[in-house]
């Protein structure tokens, strides 16, 4: 009973809608005082009583209660919690929209996060991929330009002029050390690295990306001059 009361207080101490990953909670606070099965039963009882609500497998929250019923966090709020501070970064069409390279909107939202419990977690239309690192501004900048270059040909209705402005701005923020961290954790293919090198060299930004590439390989990437010509025709 004491442990159950402690778990109740744990949830009551959280703002309504804040996600609680029960696996992490158990490991950090209850593994020494109760079995995992007993902990799971206590969480289930809280859920049945309406004290907490299940958002997804292993993820619960204290719901906001109104006269219209209980309200769970929206998919945008869920994604924001996985990317808050240095815990993650949004990718996919959410990123492309934020950068202004397309007006196309996807129902699906995607993020990379260090606080996810599983390598791949699906919560409604939100996809969270676990990549364990500290998402500093330098790390986020590298991921954004890599994602943009890696998926360039797949982005619907891409505004090439906007894309070039973004790549130039992100190139200025480029950091070799941050790239090495991102590449070690995520592991982008060599052609994407070659594309990044093409961008950085064009804007005369120092880099050591050649160490990841073969001088004998002709990587299938567009030339920046070609992209500027495409942008000119598009406008």
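Have a look at 4, 62 and point out the one that is touching a helix residue (DSSP H, G or I) at 6+ places or on another chain (Cβ under 7 Å) and surrounded by fewer than 18 Cβ atoms within 10 Å (Cβ to Cβ). So that I can check it myself, show each step before the final result.
Details: 62 fails: surrounded by fewer than 18 Cβ atoms within 10 Å (Cβ to Cβ).
Going through 4, 62 in turn, the sole match is 4.
Looking for something surrounded by fewer than 18 Cβ atoms within 10 Å (Cβ to Cβ), touching a helix residue (DSSP H, G or I) at 6+ places or on another chain (Cβ under 6 Å) and within 25 Å of residue 204 (Cβ to Cβ) - is there at least one such residue anywhere in the stretch 99-110? So that I can check it myself, show each step before the final result.
Of the residues in the stretch 99-110, the ones surrounded by fewer than 18 Cβ atoms within 10 Å (Cβ to Cβ) are 100, 102-108.
Filter once more, keeping what is touching a helix residue (DSSP H, G or I) at 6+ places or on another chain (Cβ under 6 Å): 100, 102, 106.
From the residues that got through so far, the ones that are within 25 Å of residue 204 (Cβ to Cβ) too are 100.
Yes, that holds for at least one residue.
Within the stretch 182-205, work out how many residues are assigned to a loop (DSSP other than H, G, I, E, B) and either touching a residue at least 24 places away in the same chain (Cβ under 8 Å) or not assigned by TED's automatic domain parsing to the domain that holds residue 87 (or both).
Qualifying residue count, the stretch 182-205: 5.
When you scan the stretch 68-89, do you find a residue that is part of a strand (DSSP E or B), in the same structural domain as residue 168 (by TED's automatic domain parsing), under 17 Å from the mean Cα position of the chain (by Cα) and closer than 30 Å to residue 149 by Cβ, even just one?
Yes; the residues of the stretch 68-89 include at least one that is part of a strand (DSSP E or B), in the same structural domain as residue 168 (by TED's automatic domain parsing), under 17 Å from the mean Cα position of the chain (by Cα) and closer than 30 Å to residue 149 by Cβ.
Of everything in the stretch 206-229, what is farther than 19 Å from residue 145 by Cα and assigned to a loop (DSSP other than H, G, I, E, B)? Give them in sequence order.
Answer for the stretch 206-229, where residues must be farther than 19 Å from residue 145 by Cα and assigned to a loop (DSSP other than H, G, I, E, B): 214, 215, 216, 217, 218.
Given the condition in a loop (DSSP other than H, G, I, E, B), over 30 Å from residue 157 (Cα atoms) and touching a strand residue (DSSP E or B) at 6+ places or on another chain (Cβ under 6 Å), answer yes or no: does some residue in the stretch 99-115 qualify?
Taking the stretch 99-115 first, the residues in a loop (DSSP other than H, G, I, E, B) are 100-108, 114-115.
If we keep only those that are over 30 Å from residue 157 (Cα atoms) too, we end up with 114-115.
From what is left, the residues that are touching a strand residue (DSSP E or B) at 6+ places or on another chain (Cβ under 6 Å) are none.
No, there is no match, as no residue in the stretch 99-115 is in a loop (DSSP other than H, G, I, E, B), over 30 Å from residue 157 (Cα atoms) and touching a strand residue (DSSP E or B) at 6+ places or on another chain (Cβ under 6 Å).
Among 143, 128, which is in the same structural domain as residue 106 (by TED's automatic domain parsing), part of a strand (DSSP E or B) and touching a residue at least 40 places away in the same chain (Cβ under 8 Å)?
128
Provide a single number: the residues in the stretch 15-39 that are closer than 18 Å to residue 87 by Cβ and at pLDDT below 90.
0
Any residue in the stretch 130-137 that is at pLDDT below 95 and surrounded by fewer than 20 Cβ atoms within 10 Å (Cβ to Cβ)?
Here is the first cut: in the stretch 130-137, the residues at pLDDT below 95 are none.
Within the stretch 130-137 (the criterion being at pLDDT below 95 and surrounded by fewer than 20 Cβ atoms within 10 Å (Cβ to Cβ)), the answer is no, since none of the residues qualifies.
Confirm whether residue 33 is in a loop (DSSP other than H, G, I, E, B) and without any contact (Cβ under 8 Å) to a residue 40 or more places away in the chain.
So residue 33 passes the test.
Taking the condition of being surrounded by fewer than 17 Cβ atoms within 10 Å (Cβ to Cβ) and more than 26 Å from residue 133 (Cα to Cα), how many residues in the stretch 203-230 meet it?
16
So is residue 174 buried (at least 20 other Cβ atoms within 10 Å of the Cβ), assigned by TED's automatic domain parsing to the domain that holds residue 82 and not in a helix (DSSP H, G or I) or not?
On the way: buried (at least 20 other Cβ atoms within 10 Å of the Cβ): yes; assigned by TED's automatic domain parsing to the domain that holds residue 82: yes; not in a helix (DSSP H, G or I): yes.
Yes: the conditions hold for residue 174.
The values are calculated or read from the model by the stated rules, or taken from the named source; none is laboratory data. Being a predicted model, the structure only gives us computed values, none of them experimental. Cβ coordinates were reconstructed from backbone atoms using ideal geometry, including for glycine residues, and neighbour counts include every protein chain displayed.
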